[in-house]
Amino acid sequence: MLVRDVYNEKTIGREPTRNGYGAALVELGRKNKNIVVLTGDLAESTRAQMFQAKYPERFFDVGVAEQNMMGVAAGLALTGKIPFVSSYAVFSPGRNWDQLRVSVCYSRANVKIIGAHTGLSVGPDGATHQALEDIAITRCLPNLTVIAPCDVHETKKAIFAAAKIAGPVYIRLAREATPAFTTPNTDFQVGRADILRRGHHVSIIGCGPILYEALQAAHSLSQEGIEAEVINCHTIKPIDHKTIIASAKKTEAVVTVEEHQIIGGLGSAVAEVLSAHYPVPLKMIGVRDTFGESGTPNELMIKYGLDRNQIIDTVRRMMKSLLK
């Protein structure tokens, strides 16, 4: 089973994806003495403090110096360590993109970059802390794998998988407690998208916790006679061409959903695949070239059109236009 009974919302627990990061670090640290963790004065917020408590000799807080942190991580990697760099995504990879590009990606250094507090769900912290561009600025870098886990269980698997990859990996995490709708036994493979729900009228392709909204939208649409296929494209780079193209050939219509700018994000990546291999009507749901603002996560998701109702409305309009 890929997902729990997501349509009975009372049975779904909630937990921040960053908790999965902290728990996975502790387990990795026990198994591999080369695992080291760095943070820029954000151990508690990123949950890196869980590793710090167990293995303080392998934990480094470099202070509010994210550019230096990335350089230190690159150096550690080149000596055989496996560094996990933990910060808010607006700071890493936002503030230290140059060091990520040259010191890590160009050198193929074995550094794992964890960008926490992504998307609008950072809420009251406002635009300065809401990373809405991190997919765009990472997926363009050569040698860098980019992953956006959908819940706490998938985050753990992504961290374990990243540790096995010989090269740089970027993983984006959320701040808020979000539905834990997959299971500990759900399969996870880097570079392979997972079909969470089968359908034949439209393909809904998403990444991150917003996929829960997509599944709820698909359930509502089914009651109207519209069967949506929901795909978890957790690995944005390398993207799963095969699954995306196969689904598009079946449904002939695609909607992408992401808690990120539509410019340069998952929607753009899917558009690149479809335009080259199987062009079909495509609608993108995401933030439309604007900064966020302060508010509760739910308020912001509604304001910027990222909730399930917006997904439902977008699919309805797409189906109506295709029938003309």
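Here are a few things to note about the model shown:
- Highest mean first, the peptides 206-217, 171-182, 16-27 sorted by other C-beta atoms within 10 Å per residue fall in the order 206-217, 171-182, 16-27.
- As a proxy for reagent exposure, ranking LYS81, LYS303, LYS112, LYS157 by other Cβ atoms within 10 Å from fewest up yields LYS303, LYS81, LYS157, LYS112.
- Taking the centroid of alpha carbons for each part, segment 197-216 and segment 37-112 are 33 Å apart.
- Shape of segment 96-190 from the C-alpha gyration tensor: oblate (a/c of 1.5 or more and a/b not above b/c, with a ≥ b ≥ c the square roots of its eigenvalues).
- Pairs beyond 22 Å (Cα-Cα), from LYS81/LYS157; LYS81/LYS237; LYS156/LYS250; LYS81/LYS156: LYS81/LYS237; LYS156/LYS250
- Value of [θ]222 nm, deg cm²/dmol, for the chain, DSSP H segments ≥ 4, -39500 (n - 2.57) each, nearest 500: -10500 deg cm²/dmol
- Between helix 17-31 and the chain there is an angle of about 40 degrees, using the helix long axis and the longest principal axis of the Cα atoms.
- Note: relative contact order over the chain, using C-alpha pairs below 8 Å and six or more positions apart, is 18 percent.
- Using a Förster distance of 51 Å, the FRET efficiency for VAL64-HIS219 (Cβ separation, nearest 0.05): 0.70
- Global geometry of segment 14-149, whether rounded, prolate or oblate, following the gyration tensor of its Cα atoms and the 1.5 cut on a/c: oblate
- Neighbour-count ranking [beta-carbon atoms within 10 angstrom, fewest first] of THR256, THR128, THR243, THR155: THR128, THR243, THR256, THR155
- Cα gyration tensor category, rounded, prolate or oblate, for segment 194-323 with a/c compared to 1.5: oblate
- Here the gap between ALA53 and LYS303, fully extended at 0.36 nm per residue and compared with their Cα-Cα distance, gives a gain of 86.0 nm.
- Relative to the longest principal axis of the Cα atoms of the chain, the long axis of helix 66-78 lies at roughly 80 degrees.
- Highest-MSF residue in the chain out of THR183, THR118, THR46 [GNM, Cα springs under 10 Å]: THR183
- Per-residue Cβ neighbour rank within 10 angstrom, fewest leading, THR235, THR296: THR296, THR235
- Proximal aspartates and glutamates relative to LYS112, as straight alpha-carbon distance under 15 Å, when same-chain residues fewer than 8 apart are discounted: GLU66, ASP134
- Degrees between helix 241-251 axis and first principal axis of the chain (Cα, 0 to 90, nearest 10): 20 degrees
Readers should treat all values here as calculations from the given coordinates under stated rules, not as data from a laboratory. What you see is a predicted model; the values in this text were computed from it and never measured. With ideal geometry, Cβ positions are generated from the backbone for all residues, glycine too; neighbour counts draw on all protein chains shown.
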